[in-house]
1. Can you give the calculated 222 nm mean residue ellipticity of the chain, where each DSSP H run of n ≥ 4 adds -39,500 (n - 2.57) and the sum is split over every residue, rounded to the nearest 500 deg cm²/dmol?
2. Can you put TYR74, TYR33 in order of Cβ neighbours within 10 angstrom, beginning with the fewest?
3. Hey, fewest Cβ within 10 Å first, where do TYR63, TYR145 land in order?
4. As a test, work out the antiparallel percent of DSSP beta bridges whose residues both lie in the chain, rounded to the nearest 5.
5. Could you name the aspartates and glutamates whose alpha carbon sits less than 16 Å from that of LYS119, not counting residues in the same chain fewer than 8 places away?
6. Read phi for every residue in the range 116-131 and hand back ³J(HN,Hα) as whole Hz from Karplus 6.51 cos²θ - 1.76 cosθ + 1.60, θ = phi - 60°, with x for Gly and Pro.
7. Along the Cα-to-C-beta direction of ILE108, a point sits 7 Å from the Cα; which residues of the range 133-157 have their amide N less than 11 Å from that point?
8. Among ARG20, ARG66, which comes first, then next, by fewest other beta-carbon atoms within 10 Å?
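Values in this text are rule-based calculations from the coordinates and carry no lab data. None of these values were measured; they are calculated from a predicted model. Cβ: placed from backbone, ideal geometry, glycine included. Neighbour counts: every protein chain shown.
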Amino acid sequence: MIDTTSEHAVASFRRENVKRIWDDLLPLLEKHYEELAPYKDVPLDPDKDFYLKADELGMIRVYSAREAGVLVGYAVYGVRRDVHYKSLKKAEQDLLFVAPERRGRFGIRFIRWCEDQLKAEGVNLIVCHAKVHADFGAVFEKMGYAPMDKIFYRRLP
């Protein structure tokens, strides 16, 4: 397991493994859910076994942002060759959250750091998504990301 740490004053960014970060992740995951989940009638119930297995198989990258040792942000990317374009090694964002009080420059530094980690292992396409109702897409656009797809959801009765 790669364990890369970058210090920014009292902040640290680090590659994690699921087993090590899981307990720290849960309280922040609750905040993420409360702020951004579109269906509050569907309870938060992350599949820990899935994440543990995906991590064990090298299919995901988990990164943390901490201040004074406290988790204030996380990013999880699925990493694989694109099935339509094998020459592309793709990192697709599964989760990205930075505590509201740490957004702005800190959050952008964290995302850039994640990009650097992914690039260092040969990723050449990063796919991110942002909830429309939260309008975080503007942050990605300012960082050089371009809209490519519209994704539609429909809950079935």
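1. Computed ellipticity for the chain at 222 nm equals -10000 deg cm²/dmol.
2. Final ranking by Cβ density, sparse to dense: TYR33, TYR74.
3. Exposure proxy ranking, most exposed first: TYR145, TYR63.
4. Bridges in the chain are about 90 percent antiparallel.
5. List returned: ASP3, ASP82, GLU92.
6. Rounded to whole hertz, the list is 4, 5, 5, 4, 4, 9, x, 5, 10, 8, 10, 10, 10, 9, 9, 5.
7. 139-144
8. Least to most surrounded, the residues fall as ARG20, ARG66.
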